[in-house]
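As structure tokens, the structure follows; a few thoughts come after it.
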Amino acid sequence: MKTPTVVTRTNLTTSDAQEIEKLKLLDGMTLHEMKKGRLAEYCQARNLPMVKPFVLISTRDTEHALKLGA
């Protein structure tokens, strides 16, 4: 079972919903890239096969998902 990670900002300066969504996605991808790097180091140091991490993005509905994918 995986516990989801939540990224929070204390310096949010916008109230635009689309901008906030974009920031959330960018924060999530930044966190993913950091973890991906640590995972690569771990596998290399222990002579283990590389594991390819993935990101799961939850959306309200299909229409919302299509907007995010554009």
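The values are calculated or read from the model by the stated rules, or taken from the named source; none is laboratory data. Note that the coordinates shown come from a computational prediction; the quantities given were computed from them, not determined experimentally. Every residue, glycine among them, receives a Cβ derived from its backbone with ideal geometry; neighbour counts consider all protein chains shown. The accessibility values were calculated without ligands, DNA or RNA, using every heavy atom of the protein model including side chains. Shrake-Rupley method; radii C 1.70, N 1.55, O 1.52, S 1.80 Å.
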Qualifying positions in the range 39-62 - of a type in the set (Gly, Ala, Ser) and farther than 23 Å from residue 23 by Cβ: 40, 45
Top-ranked residue in the range 34-65 [being touching a helix residue (DSSP H, G or I) at 6+ places or on another chain (Cβ under 8 Å) and among the hydrophobic types (A, V, I, L, M, F, W, C); ranked as least open to solvent (accessible area, probe 1.4 Å)]: 55
Residue that is nearest to residue 10 (Cα to Cα), among those in the range 26-70 that are in contact with a Leu (Cβ under 9 Å, 6 or more places away or on another chain) and assigned to a helix (DSSP H, G or I): 68
Criterion violated by residue 68 - all others in (1) touching a Cys at 6+ places or on another chain (Cβ under 9 Å); (2) open to solvent by less than 80 Å² (accessible area, probe 1.4 Å) satisfied: (1)
Single unsatisfied condition, residue 23 versus (1) modelled with pLDDT of 90 or more; (2) open to solvent by less than 90 Å² (accessible area, probe 1.4 Å); (3) in a helix (DSSP H, G or I); (4) not small (Gly, Ala, Ser): (1)
